[in-house]
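K.L.:
Handing you a structure now.
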Amino acid sequence: MIQAIKGFRDVLPGDIELWQEIESEAVKVFENFGFKEIRVPVLEKTALFSRSIGENTDIVEKEMYTFEDRGGDMLTMRPEATASVVRSYIQHNMQADNPIRKLYTIGPMFRRERPQKGRYRQFYQINAEVFGIASPYIDAQIMVMLSHLLDRLGVTELSAHINSLGCPCCRPSFQNAIKEIAEKSGENLCDDCKRRKDKNPLRILDCKSVHCQEILKDAPVLTDFLCDECRDHFDIVKSSLESQGVKYTIDHKLVRGLDYYTKTAFELKTNMLGAQNSVAGGGRYDGLVKSLDGPDVPAIGFAIGFDRLVDVIAASRKPYIRTPEVFIMAPGNIPVSAVFSWICDLARDGIWADTDYSGKSLKSMMKRADKDGAKYVLIAGESEFEKETAILKNMATGEQEEVSFSGLVTRVIKIIRNL
Ligand code: HAM
């Protein structure tokens, strides 16, 4: 039997309802904040990701699904959506009539990481990106938007961690300070950090190795190195979050795994998913649009790890699963064409009516209706068929009513809708 590829999984009915609920709540909340949906391809030129996420990141170095297509182009299954949304912003010259764009996109991403709970090779993200606003109030606003979404979903288990990563003016001196500490400790760093110290020293800060953490225990913090502009920006972000009652922790070790960030960076964390504790992450990326040959437009955004948010919610509640409103029971030797047209006519009016067309006994159909959770059954047994009537029975109360075949659909809707 052919099975799904490792790290790739099916989301089945029974689980998908929670995904649908999250998606529809996200769309409502995001649109209240002026976001519009954008759909971007899952396949892009490899250079888009290596230039934006950074050549020396884990994603680009080890995790991308990259291949040469039959035309000789190097292509990559997108590991994230931000680069694609930026490409689209530039390609469609979106800044021409109004540089401010608020865009969201929902879909699968691909990273060849080691699969474990909360970590998949195909996973889903809900992304929101804002272009053209440099004000720190928009940084706070998108975090408030996230907190509105979590409130509507009843999620209380996540904590917001924020940091400022500075800008090209102030960050290099901090990077040098970390590099110096790393160089002094030489062989004691883990193998990954030995490489990182020259190419991407900030990533040593969030290394999980206890040795590396010990080495950096007394390291300076990035916020002490911020220039005036970055410090003022960060102060306004913090006070705006406070004014909206959004709780946060300042996390000096939060550096994010993608190179494009400037100033504000944040993550929503949980302790429910073991090592995979980041449920959403984002930040400002003021230089990215320009570095991809676009205009000099500031930007900020985030992505929610859809799979992880589902896991967090599923641990505390079940999704609402729709069941048939009426199950039509018409045992053998009765014309199923009538049942067929009732089902289609009821569906047109928004009522989910179902049957199994099995022609089995009333008893076995009743079992099926019960198992499916039908709220009503419509019984059209042989004697009812002769009288051209059916019986509509409320499964919860046991109440029943005879309905005539003529005008049956209208009558059934009236009873079910309690009109
Ligand atoms: P990221 O931190 O790489 O950021 O991913 C965002 C979220 O995607 C993570 O917090 C996590 O919940 C989820 N995620 C990442 N990898 C996996 C995986 N292998 N399995 C399951 N979930 C995963 C970005 O992707 C940025 N593009 C976010 C952003 C948007 N920054 C600005 N705008």
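The values are calculated or read from the model by the stated rules, or taken from the named source; none is laboratory data. Here the structure is a predicted model, which means the values were calculated and not measured. Cβ placement follows ideal geometry from the backbone for every residue including glycine, while neighbour counts extend to all protein chains displayed. Each accessible area value is taken on the protein alone, full model and side chains, heavy atoms only, with ligands, DNA and RNA left out. Shrake-Rupley method; radii C 1.70, N 1.55, O 1.52, S 1.80 Å.
K.L.:
Going by alpha carbons, how many degrees (0 to 90, nearest 10) lie between the helix axis of 228-243 and the longest principal axis of the chain?
P.N.:
Roughly 30 degrees, rounded to the nearest 10.
K.L.:
Using Stokes-Einstein with the Kirkwood hydrodynamic radius over Cα pairs, what translational diffusion coefficient do you get for the range 326-416 at 4 °C and a viscosity of 1.567 mPa s, in µm²/s rounded to a whole number?
P.N.:
Result for D is 101 µm²/s.
K.L.:
Rg and Dmax of the range 186-295 over Cα atoms: what are they, in angstrom?
P.N.:
When restricted to Cα atoms, the range 186-295 yields Rg and Dmax of 15.8, 47 Å.
K.L.:
Could you pull out every residue, at least 5 positions away or on a different chain, whose amide H is within less than 5 Å of the one on T389? Hs are placed 1.01 Å off N in the peptide plane, and Pro or chain starts have none.
P.N.:
Placed amide hydrogens put F405 under 5 Å from T389.
K.L.:
Heavy atoms only, probe 1.4 Å: what % of the accessible area of the range 77-182 goes to carbon and sulfur, would you let me know?
P.N.:
50
K.L.:
Calculate one ³J(HN,Hα) per residue across the range 118-124 by plugging θ = phi - 60° into the Karplus curve 6.51 cos²θ - 1.76 cosθ + 1.60, and present them in order as whole Hz with x for glycine and proline.
P.N.:
After applying 6.51 cos²θ - 1.76 cosθ + 1.60, I find x, 10, 10, 8, 10, 9, 10 Hz.
K.L.:
Turning to a different aspect of this structure: Just to be sure I understand the model, the point goes 7 Å from the Cα along the line to the Cβ. What's the resulting C344 to T397 distance in nm?
P.N.:
3.3
K.L.:
If you roll a 1.4 angstrom probe over the protein chains with everything in place, what fraction of the accessible area of the range 326-416 belongs to carbon and sulfur, to the nearest %?
P.N.:
Answer for the range 326-416: carbon and sulfur cover 52 percent of the accessible area.
K.L.:
Under 5 Å between amide H atoms, partner at least 5 residues away or on a different chain: which partners does T355 have, H built in plane at 1.01 Å?
P.N.:
Residues meeting the criterion, in which the H sits 1.01 Å from N, are I328.
K.L.:
Per 10 Å bin, what percent of the C-alpha pairs of the range 1-131 does each bin hold, from zero upward?
P.N.:
It works out to 11, 35, 35, 17, 2, 0, in whole percents.
K.L.:
Here's a follow-up. For the range 270-339, what is the Kirkwood estimate of the hydrodynamic radius, computed as the reciprocal of the mean inverse distance between distinct Cα atoms, to one decimal in Å?
P.N.:
17.6
K.L.:
Using a 10 Å cut-off on Cβ atoms, rank the peptides 189-196, 84-91, 31-38 from the highest mean neighbour count down.
P.N.:
The most tightly packed comes first, giving 84-91, 189-196, 31-38.
K.L.:
Another question, if that's okay. Report, in deg cm²/dmol and to the nearest 500, the calculated mean residue ellipticity at 222 nm for the chain, where each DSSP H run with n ≥ 4 adds -39500 (n - 2.57) and the sum is divided by the residue count.
P.N.:
So the helix-based figure for the chain works out to -10500 deg cm²/dmol.
K.L.:
For the chain, report the accessible area per residue in Å² (1.4 Å probe, heavy atoms, rounded to an integer).
P.N.:
Numbers: 20740 Å² over 419 residues.
Per-residue value: 49 Å².
K.L.:
Would you pull out the residues with amide H under 5 Å of M109's amide H, same chain only if 5 or more places away, H placed 1.01 Å from N?
P.N.:
F123, Y124, Q125
K.L.:
Which whole number in µm²/s is D for the chain by Stokes-Einstein, with the Kirkwood Rh taken over Cα pairs at 4 °C and 1.567 mPa s?
P.N.:
Taking Rh from Cα pairs, D becomes 52 µm²/s.
K.L.:
Looking at the range 345-419, which GluC sites (Glu not before Pro) are in a loop (DSSP not H, G, I, E or B) and have at most 15 other Cβ atoms within 10 Å?
P.N.:
The qualifying sites are E388, E399.
K.L.:
Measuring from the lowest to the highest alpha carbon on each principal axis, how far does the range 304-365 reach, largest first, in angstroms?
P.N.:
Answer, in whole Å and largest first: 53, 27, 15 Å.
K.L.:
Here is a follow-up. Does the range 378-419 come out rounded, prolate or oblate by the C-alpha gyration tensor, with a ≥ b ≥ c the root eigenvalues, rounded set by a/c under 1.5 and, if not, prolate when a/b is larger than b/c and oblate if not?
P.N.:
oblate
K.L.:
In whole Hz, with x marking every Gly and Pro, tabulate ³J(HN,Hα) for the range 260-275 from phi via Karplus 6.51 cos²θ - 1.76 cosθ + 1.60, θ = phi - 60°.
P.N.:
Using θ = phi - 60°, the values come out as 7, 6, 9, 6, 4, 9, 8, 9, 9, 10, 9, 10, 8, 10, x, 5 Hz.
K.L.:
Cut-off under 29 Å on the C-alpha distance; same-chain residues fewer than 8 positions from K290 excluded. Which lysines are left, in chain and number order?
P.N.:
Cross-link targets: K36, K45, K62, K102, K179, K197, K199, K238, K253, K263.
K.L.:
For the range 245-250, just list the computed ³J(HN,Hα) in residue order, Karplus coefficients 6.51, -1.76 and 1.60, θ = phi - 60°, integers in Hz, with x standing in for Gly and Pro.
P.N.:
Residue by residue, the range 245-250 yields x, 8, 7, 8, 10, 7 Hz.
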